[in-house]
Amino acid sequence: MSFLTPDYTWDSAVGESVVRGVERFLLASLRGWLADKNPKIRVRVFSELLAAMMDPHAMELVQTYRDDYRNIISVSSNGDLGPEDTLRTLDPRFASMGLNVAKNDLSDLTESDAWRAQADAATIRPDACKECGWWKICKAGRPINRFSKDRGFSNHSIYCAGLKDTYAELGAFLVRNGTPLSEIALRLAS
């Protein structure tokens, strides 16, 4: 199982209390999962991050694929091609690209402006993330939670504070259980 944050953007009309409530839920869920100590229960979002902090190969996978929506292509029932579904709600260029499996090649999608915007979201650090030590495993959060009409994906997640708390809690758990802080820091170094 996994937990996804609600698909709020910087333009969503939700109050600070809603955002903080989501962050508290994530942290409480993590703490409950860690306290349960049941290896049969895998919570993907936490398991992947925990593995990344412990294993260089897992860190490489997280750094390469986490929240990089270029790895997801959605095909509608009529054959229309587009980016990952949540992005279709953000901007008209993601919603109706005019591409269809019957008349377009995959390269038409991957060479589009919408695809380039996703590449930027996956690789360019927003200003708020320039000095953040969690960049390698966070990548500024899910693209939808970073988006605003004014700045596109050049924002950090609206859940930034809660994500940082989650990462810190995972790191503290590992240290309490014998993983040297220096090893975790080495894996997180950008």
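The values are calculated or read from the model by the stated rules, or taken from the named source; none is laboratory data. Everything numeric here is computed off the predicted structure, so don't read it as measured data. Every residue, glycine among them, receives a Cβ derived from its backbone with ideal geometry; neighbour counts consider all protein chains shown.
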### Test set (1) surrounded by fewer than 18 Cβ atoms within 10 Å (Cβ to Cβ); (2) touching a helix residue (DSSP H, G or I) at 6+ places or on another chain (Cβ under 9 Å); (3) farther than 17 Å from residue 152 by Cα - residue 82 fails condition number
(1)
### Message
Tell me yes or no: at least one residue of segment 16-33 is surrounded by fewer than 16 Cβ atoms within 10 Å (Cβ to Cβ) and not in a helix (DSSP H, G or I).
### Response
no
## Note on the structure
If you go through 125, 142, the only one that is under 15 Å from the mean Cα position of the chain (by Cα), farther than 28 Å from residue 32 by Cα and modelled with pLDDT of 85 or more is 125
### Query
What single numbered condition from (1) within 16 Å of the chain's Cα centre (by Cα); (2) free of Cβ contacts under 8 Å to residues at least 12 places away in the same chain fails to hold for residue 22?
(2)
### Message
Cβ-Cβ distance below 6 Å, separation of 6 or more or different chains: which pairs start in segment 83-94 with a residue that is on the phi < 0 side of the Ramachandran plot and end on one that is basic (Lys, Arg)?
### Response
94/88
#### Entry: From the options 62, 101, residue that is within 23 Å of residue 6 (Cα to Cα) and touching a Leu at 6+ places or on another chain (Cβ under 9 Å)
62
### Query
Which residues, taken from segment 141-186, are among the basic types (Lys, Arg) and surrounded by fewer than 19 Cβ atoms within 10 Å (Cβ to Cβ)?
149, 151, 164, 176
### Query
Taking segment 56-79 as the region of interest, how many residues are exposed (fewer than 14 other Cβ atoms within 10 Å of the Cβ) and acidic (Asp, Glu)?
1
